[in-house]
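Student: One structure is given below, represented as structure tokens, and several questions about it will come after.
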Amino acid sequence: MTRVFDAPRKLVWEAWTSPEKMKRWWGPKDFTAPVIQSDFKVGGKYLNCMRGAVTPDGEKKDFWSTGKYLEIIPEKKLVMSDSFADEKGNAVSADYYGMDPNWPMEMTISVILDDTSDNKTKLTLSHSGTKDIQEKDLKDMNEGWNQSLDKLAESLK
């Protein structure tokens, strides 16, 4: 997926690499990000929490993810592994969250940033390791990313 943001590349990079800035946009519409932890270096780990909709018992449901930074080219490229996790950062199967247990235990997320001719930033986001994900789940994942990137655009204003 590709998006163009009305902001310089440095600001878009900071939105992806600063935990405080990520908290402003991480997660789909109506989700918050109460926890974003990052040891931002190649081989360093991250742990993120997306807090979602209210459950029937009146609580909000948390969805945790974790991974490692695999490649970092400042203000240009970010590659990381990505797994569902528990709140302690242990990788868990998708069925931990009531999702399809065939969802992969680990995927790879790639974010590439490029300048445009008008001082905007083109972001290209891609996943690998998604071949076993059902079509409906892929659509939901893409919709979630689109909503998150909408929030990112708002946070850059």
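Student: Farthest toward the dipole's positive end in region 12-150, which of T130, N119, W25, given Cβ charges of +1 (Lys, Arg) and -1 (Asp, Glu) about the Cα centre?
Tutor: So the residue we want is N119.
Student: Evaluate the charge dipole of the chain about its Cα centre and quote only its size in Debye, nearest 20, assuming +1 on the Cβ of each Lys and Arg and -1 on the Cβ of each Asp and Glu.
Tutor: With only Lys, Arg, Asp and Glu charged at Cβ, the dipole is about 560 debye.
Student: When the chain is fully extended, how far beyond the present Cα-Cα distance does V4 get from I112, taking 0.36 nm per residue of separation?
Tutor: Additional length available on full extension: 37.7 nm.
Student: Placing one identical point scatterer on every Cα of the chain and ignoring solvent, what is log10 I(q)/I(0) from the Debye formula at q = 0.09, 0.13, 0.20, 0.21 Å⁻¹?
Tutor: -0.28, -0.60, -1.48, -1.62
Student: Tell me the mean residue ellipticity at 222 nm calculated for the chain from its helices only (DSSP H runs of n ≥ 4, each -39500 (n - 2.57), averaged over every residue, nearest 500).
Tutor: Value at 222 nm, helices only, nearest 500: -6500 deg cm²/dmol.
Student: Given springs between every Cα pair under 10 Å in a Gaussian network model of the chain, which of K76, K60, K23 has the largest fluctuation?
Tutor: Among K76, K60, K23, the largest GNM mean-square fluctuation belongs to K60.
Student: In nm, to one decimal, how far is the modelled label at D86 from the one at K41, with both set 7 Å along Cα→Cβ?
Tutor: Each label point lies 7 Å from its Cα, and together they span 2.8 nm.
Student: Give me the extension gain from D57 to L70: residue separation times 0.36 nm, minus the current Cα-Cα distance, reported in nm with one decimal.
Tutor: 0.8 nm
Student: Using the Karplus curve 6.51 cos²θ - 1.76 cosθ + 1.60 with θ = phi - 60°, work out ³J(HN,Hα) for each residue of region 3-20 in order, rounded to whole Hz, and write x for Gly and Pro.
Tutor: Here the 3J(HN,Hα) series is 9, 10, 10, 7, 7, x, 4, 4, 5, 5, 4, 4, 5, 8, 10, 9, x, 5 Hz.
Student: In addition: Starting from region 7-99, pick out the chymotrypsin sites (Phe, Trp or Tyr not before Pro) whose DSSP state is loop and whose Cβ has at most 15 other Cβ atoms within 10 Å.
Tutor: Of the chymotrypsin sites (Phe, Trp or Tyr not before Pro), the ones in loops of region 7-99 whose Cβ has at most 15 other Cβ atoms within 10 Å are F40.
Student: Right, here's the next one. Under 12 Å from the Cβ of S93, count the other residues' Cβ atoms, weight Lys and Arg +1, Asp and Glu -1, and hand me the total.
Tutor: Combined, the nearby Lys, Arg, Asp and Glu give -4.
Student: Taking a label point 7 Å from the Cα of S126 along the Cα→Cβ vector, which residues of region 79-113 have an amide N closer than 11 Å to it?
Tutor: 110-112
No value in this document is a laboratory result; all are computed from the given coordinates. Quantities reported herein were computed from a predicted structural model and do not represent experimental measurements. FYI the Cβ positions are ideal-geometry reconstructions off the backbone, even for glycines, and counts take in every protein chain you see.
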